[in-house]
Amino acid sequence: MNKRTQNNGLWTYMLLKWYWLIPTIIVITGYSALKIAEGHMLASLINSIVEQDKNQLARAIYLTATVFSGSVCSFFLWKFLAIQFSDRLCALLQRKISNRIAKATDHTMHQNHSGDIISRMSNDLMLFQEMLQKDIFQLFGGIATAIFAMIYLFSNNWLLTVVVLASLPVIGILSVVLSSPIEKYTQDAQKSLSDINKEAKESITGAEIIRAFNMQPFFLNRFKSFQNTWTTHSKKKVKQSVLLLVFGILVAFIPFLIVFGFGGYLVLQGQITVGLLFAFIQLLNYIAFPLQELPLLLGKIKSSIAGGRRLISLLSVEVERSDGIEGTLAGEDLIRFENVSFRYPDQKEWALKDVSFSIRKGERIAFVGSSGCGKSTVFKLILGDYSPQKGKVIAGDHKLEEWSLHSLRNHMATVVQEPFLLDISIQDNITLGHFDAQDPLFERVLSQAQINTFLSQLPDGLETLGGELGSRFSGGQRQRICVARALMKQTPLILMDEATSALDNETESLILKTIRELPGETTILMIAHRIQPLGFVDRFIVMDQGRIVEEGNHEELIEKNGRYKQLFQSQLLAVE
Amino acid sequence: MKIERDILKRFLAFLKPYRYQYSFGVIGVGFMNFALTAYLAFVLGDLTSSMVELDQQLLIKTCWNVLIMLVVGGTILYFSAKALLTSTLNVEKDIRSAFFSRLLNSPIVQLSQYPSGELLSRFSNDVNESIQLLKDTFQSLAIMLFYGVGSCITIFFLDWSMGLIICSLSGSIFILNLPIIRRIRKTSQIVQRQKASFLNLFSQLVQGQRIIRYFNLADWIQKKIWQQSEDLKNANIHRNSLETIRETLDSISFLSILVVIFIGGYKAINDPSYLIKLVAIIQLQNGATFLFTILTTIYSEISRRLAGVERLMEIVDMKEEPLTLSANDKHRLIESESGVGLCINHLWFSYPNHDNPVLKDICFHIPEGRTGAFVGPSGSGKTTLFKVLLCLYQPARGSVNFKEKNLYDLSLKEWRQIFTYVPQDAFLFSGTIKNNFEAVCQNLSQEKIHEACEMACASSFIKAFDEEFDFSLDEFGSNLSGGQRQRIALARSFVTDSPVLLLDEATSALDVESEQAVQEALKQLINKKTTLVIAHRLSTVKSADCIFYLEDGRIIEQGTHNELMQMPNGYYRKMVLAGDLIEDPE
């Protein structure tokens, strides 16, 4: 996607709330016009004083008060509308993005680091919201006021206007010249500051080693040298920026000096009134504004737009298909792989090579093999995360591509490798809102998954919250809750990927016993690291480098004297 | 409030060496802000009268005056701003040094109370916030005092009735605003909370995305997110609307300008000489309104930044490790059996503020040159034991003797020189490879480094780099492979002349080639020194002279592999049979 279309996308999303945006723009235009009117009123006020005309003064005051109230009201309206626009638009974006992410493909989630996605939703969104609420309108208002002011001044005395405006670019150029070295000094200082921070980071992470090896003097020396570099650069920066500051203040007076000198001369000549001169000064501020603030504001908007683009790109991530039919997991073969070869998108290596097997109803099957052999990939294909490039996967009565993913997953329960808890109560984590605590099934599942054993240690029992990403529980406890969640779903097929790896031997064997004693029609597929406790399974499928190398029960495979025996024995060796 | 003042006082101690420079800066900047405006106000009066009275001479003279004033004022401003910024720069440097020194020298027990991200954020953000207090907030305060208060006084001086009008108008708007500001603060907290719960929900969505797909939970979580984002939106709109009301009220305070012109205009019509005063008052009136609008900003800024100062000082006020540990009788419980080797007697340790000891009455003796292996379930105290031996944690009681030396008689530095520690994950830091050696031991000869690398099987890959030993490492040495990092860390242990090796064996295997090299290097190291190893491999425990089985902070079994395997109900035997130790591929 090129830059232009992405940029267009950004503006398109802004137009989603056009009914707030357009009134805001109209109000701001009105506000800018009223600002000019204020300047005009100032001129007539001063003229009436100079001309000692009490009636005119009273009239001018009355008009000024009216204009002033108008501008206060429009100011309030501007801000109010801008808030409605930005806050509503951002809430809309939040929802759209969440919706998209919830349906994103496995591949998408792999490509994007989760921390990155979350940071876009927090930091980039914040920048973007700030820009929508303040910066763009400030920019628009500033430019509008400047244009109006220019028109007013020109129509009143073009000569004075031209003389004053001619001085502005000179000032602009001078300040650019003065400020250009600052950027370099800032970068240098920033770089040494990041060195200093790096040093702090290393001294924190390496705290133990640093003390154990008495490395403190070395680190202190290095820190000091970074610190000195930083000081040198920062001092240069201070000097230059103070120069710029003072210069800025002095230079800001120049246009006013011109107005007074040249304008005063014109007043003496009787060409303009004293009041108009003051109006000139007032309105000159509005023209000078873009010159002073514009670069800063534009820079801010630019970085916010970059943030907005990162945010909105989340709206175009690839999502899972939503079509397909409602199938049933019936028939002799629950799952069948026919000559399946598969590789992950963007990867050269085939993850599965010509894999064929079938699983009958009620079987208990374990996939074994060293890590990276393709076991988890088989599970991902069964769950419909990916479609194979060659061969086909058949679930029940249909090819996997024909199933609706929603329906497919309703037929299977999964325990994934990293046990994940939502930050809701343990009970809700297990039932997912489908059952209540009194349900006999729930009671049974609690004891089957060995949750009862640690329930009493929890502060609020079943009501204990999962905590941020399940942080309140140990790995083993989380695994047991996830197992319970899968059992609770009561599906004909259960997939367990290393579901007991974090458990101690005793708990593991209790859970495996539960699985073994599940009703006979439940089909169970397991991925396991250790073979020994799995003696009860009907069949092992042994994989190596993306291929199925052996298949059969324990005795058969031992007899075969192949990869299985090798795996089994290397794990057994420890017991000799 | 008392505590806040106390913290501020300790913080301002950093300013002490630069106090003259800083005060000159702050006062100079504040005063010049007022002086320039006040001067301009009177010049404007002169200019106006020159125009009204058509006096060309006065006009030219005034223009010159303005120019001169600008040059003089600019110069003063330049020096005072420079003094202000330079002195705060120096304070920033000093604070950072003090902070860094705590990072290096405070006891681990204290530092580890804070997550590392927290420490880092204090090091960068809170130092920054605290400096902004000096640089920004105090400057605004000075400007407020000189420019704001000065303008008010001058107006009163020119025409007290006008002063009364201006101050009461601005003041009443300020009072009107106070309850709004309080509510803004309250709603801001609500917004923060709503934002946090939204992000919590969203990160659950992102991190649990697979579960959400597999269990068809998209609609369910979507409903929650919808609700949460609605709440967040409403809170946001509420807060921002209040903010708008405040801004609008502030803008009304310029209403006083109208009143001033109206009353002053009538006065000037009656008395033309009043016009000069009027112009000056209008100009100075800005300062008076500024005084009231800035007041609340400064107040909230000070309280926010003081929170940063407080977090900063919490670290800076930490005590550093003493040079020697004060040994009391508890640490000399038993005069060592004055045997050779490492002798630990009745060692106890518990974390501060925790009742349960982590190490309970640990006693063991490892003769010089021999190897002791420590095994046991995770959390049994093996790693803690190492850390106590390294004096990263101070033992509560018990004695540590090496050869004839009671380690309590040594300085902390000498104590740690007895041991060399090889953790599971090698820690290298950024800089050159050579730096990583020099940090351990200054004035290290090139030969010694070469020799150590040769022994640790690290020479071959180091020599393959163009820069050889000057090859520069990224943070944590992340541009090397795990095995290469491990080997450099091992070589580093060779250059120290420490007689005792504390080795925490890695659980996960490296790539095959590195694995063999690292094992080879380790064998060299173990043979050379008295070794304590936290073992995860069967081969390691088998070759150890003595095995110690720890559980719950106690040594409950000890002996050789064969001895322990013969205990029918032994814990060690059970562990080996369960296959909890890694078998090397032979």
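The values are calculated or read from the model by the stated rules, or taken from the named source; none is laboratory data. Only a predicted model underlies this, so the values are computations on that prediction, with no experimental measurement involved. For neighbour counting, all protein chains shown are included, and Cβ atoms are generated from backbone atoms with ideal geometry for every residue, glycine included. The area values use the complete protein model at the heavy-atom level, side chains included, leaving out ligands, DNA and RNA. Shrake-Rupley method; radii C 1.70, N 1.55, O 1.52, S 1.80 Å.
Could you size up the charge dipole of chain B around its Cα centre, putting +1 on the beta carbon of Lys and Arg and -1 on that of Asp and Glu, and report it in debye to the nearest 20? Write out the running numbers ahead of the final one.
Details: 57 positive and 61 negative charges, 388 e Å.
My answer is approximately 1860 debye.
Exposure check, 1.4 Å probe, all protein chains in place: residue B:102 carries approximately 50 Å² of accessible surface.
When all alpha carbon pairs of region B:42-166 are counted in 5 Å bins from zero, the resulting P(r) reads 2, 8, 10, 11, 11, 11, 10, 7, 7, 6, 5, 4, 3, 2, 1, 0, 0 %. Looking at the protein assembly as shown, the accessible area is 45 square angstrom per residue; that uses a 1.4 Å probe and ignores ligands, DNA and RNA.
Magnitude of the Cβ-charge dipole of the protein assembly as shown, K/R +1 and D/E -1, about the Cα centre, nearest 20 debye? Don't skip to the answer; put the middle values down first.
Working: 114 positive and 116 negative charges, 641 e Å.
The calculation lands at about 3080 debye.
Protein-only accessible surface at a 1.4 angstrom probe places the residues B:4, B:475 in the order B:4, B:475, largest first. Report the paramagnetic label zone for residue A:390: residues of region A:322-346 whose backbone N is under 15 Å from a point 7 Å from Cα along the Cα-to-Cβ axis. Hits in region A:322-346 for residue A:390 at 15 Å: A:338-344. Counting charges near residue A:91 (Lys, Arg +1; Asp, Glu -1) among other residues having Cβ under 11 Å from its Cβ returns a value of +2. Cross-link partners among lysines for residue B:82, C-alpha distance below 21 Å, same-chain residues fewer than 8 apart left out? Partners within reach: A:184, A:235, A:236, A:237, A:239, B:16, B:93, B:135.
Accessible-area rank, largest first, for B:351, A:286, B:571: B:571, B:351, A:286, with all protein chains present and a 1.4 angstrom probe.
Extension gain for residue B:442 to residue B:355 (0.36 nm times residue separation, less C-alpha to C-alpha distance): 27.2 nm.
Take the convex hull of the alpha carbons in region A:254-392; its mean projected area over all directions comes to 18.3 nm². The calculated 222 nm mean residue ellipticity attributable to helices in chain A amounts to -20500 deg cm²/dmol, summing -39500 (n - 2.57) over DSSP H runs of n ≥ 4 and dividing by all residues.
Its Cα centre serving as origin, region B:229-388 has a Cβ charge dipole (Lys and Arg +1, Asp and Glu -1) of approximately 320 debye. Near the amide H of residue B:379, within less than 5 Å, lie no amide hydrogens of residues on another chain or at least 5 residues away, with H placed in the peptide plane.
Dipole orientation for the protein assembly as shown: of the candidates A:342, B:100, B:442, B:100 has the Cα lying most toward the positive pole (charges on Cβ; Lys, Arg +1; Asp, Glu -1). Which value at 222 nm does chain B reach when only helices count, each DSSP H run of 4 or more adding -39,500 (n - 2.57), with the total divided by all residues and rounded to the nearest 500 deg cm²/dmol? Calculated mean residue ellipticity at 222 nm is -20500 deg cm²/dmol. Rounded to the nearest 10 square angstrom, residue A:245 shows an accessible area of 90 square angstrom against a 1.4 Å probe. Taking the square roots of 5 times each eigenvalue of the Cα gyration tensor of region B:369-492, largest first, gives ellipsoid semi-axes of 31, 18, 13 Å.
Kindly provide log₁₀ I(q)/I(0) values, in the same order as q = 0.09, 0.14, 0.15 Å⁻¹, from the Debye equation applied to equal alpha-carbon scatterers of region B:276-418. Debye curve over Cα of region B:276-418, log10 I(q)/I(0) at q = 0.09, 0.14, 0.15 Å⁻¹: -0.47, -0.78, -0.85.
Computed over neighbours whose Cβ is under 10 Å from that of residue B:498, the net charge equals +1, Lys and Arg +1, Asp and Glu -1.
Couplings for region B:26-38, taken from phi via the Karplus curve 6.51 cos²θ - 1.76 cosθ + 1.60 with θ = phi - 60°, read 5, 5, x, 4, x, 5, 5, 4, 6, 4, 4, 5, 4 Hz in order; Gly and Pro are left as x.
For residue A:341, the residues whose modelled amide H falls within less than 5 Å of its own, excluding neighbours fewer than 5 places apart on the same chain, are A:354, A:355, A:389, A:390, A:391. Once the convex hull of all Cα atoms in the protein assembly as shown is built, its volume per residue stands at 210 Å³.
Just reorder B:340, A:416 by solvent-accessible area, largest first, 1.4 Å probe, all chains present.
On the way: B:340 80, A:416 15 Å².
Putting B:340, A:416 in descending order of accessible area: B:340, A:416.
Computed with a 1.4 Å probe over protein heavy atoms only, the accessible area of residue B:540 comes to about 20 Å². Taking the accessible area of the protein assembly as shown, probe 1.4 Å, and keeping the other protein chains in place, the carbon and sulfur fraction comes to 56%. Projected label points at residue A:318 and residue B:175, each 7 Å from Cα along the beta carbon direction, are separated by 6.8 nanometres.
Quick one: if the Förster radius is 60 Å, what FRET efficiency do residue A:399 and residue B:113 give, using the C-beta to C-beta distance and rounding to 0.05?
Numbers: r = 58 Å, r/R0 = 0.96.
After rounding to 0.05, the efficiency reads 0.55.
Kirkwood radius, chain B, all distinct C-alpha pairs, inverse of mean reciprocal distance: 31.0 Å.
Peptide A:232-243 shows a mean partner chain C-beta count of 3 within 10 Å per residue C-beta. Mind checking which of B:373, B:12, B:362 is farthest towards the positive end of the protein assembly as shown's charge dipole, using Cβ charges of +1 (Lys, Arg) and -1 (Asp, Glu) about the Cα centre? Toward the positive end, the furthest listed residue is B:12.
Rounded to the nearest Hz, the phi-derived 3J(HN,Hα) couplings of region B:177-187 under the Karplus curve 6.51 cos²θ - 1.76 cosθ + 1.60 (θ = phi - 60°) are 6, 3, x, 5, 4, 4, 5, 4, 4, 5, 5, where x marks glycine and proline.
Here is the link list: A:198/B:186; A:380/A:560; A:35/A:134; B:434/B:529; A:201/B:529; A:390/A:513. Which ones come out longer than 27 Å on Cα distance?
On the way: A:198/B:186 37 Å; A:380/A:560 29 Å; A:35/A:134 19 Å; B:434/B:529 24 Å; A:201/B:529 32 Å; A:390/A:513 38 Å.
Result: A:198/B:186; A:380/A:560; A:201/B:529; A:390/A:513 exceed 27 Å.
Need one value for A:92-105: mean number of C-beta atoms belonging to other chains within 10 Å of its residues' C-beta atoms.
Details: counts 2, 1, 9, 7, 0, 3, 13, 7, 0, 8, 12, 5, 4, 2.
Across the residues of A:92-105, the mean count of other-chain Cβ atoms within 10 Å is 5.
Per residue of B:97-110, other chain Cβ atoms within 10 Å of the residue Cβ number 4 on average. Name the residue farthest towards the positive end of the dipole of region B:130-223 from the options B:153, B:179, B:215, assuming +1 on Cβ of Lys and Arg, -1 on Cβ of Asp and Glu, about the Cα centre. Positive-end residue among those listed: B:215.
Within 13 Å, Cβ to Cβ, of residue B:215, how many net charges do the neighbouring residues add up to if Lys/Arg are +1 and Asp/Glu are -1?
Details: positive: A:409, A:485, A:489, B:210, B:213; negative: A:428, B:219.
Charge balance in the 13 Å sphere: +3.
Chain B against chain A buries an accessible area of about 11700 Å², both chains summed, 1.4 Å probe radius.
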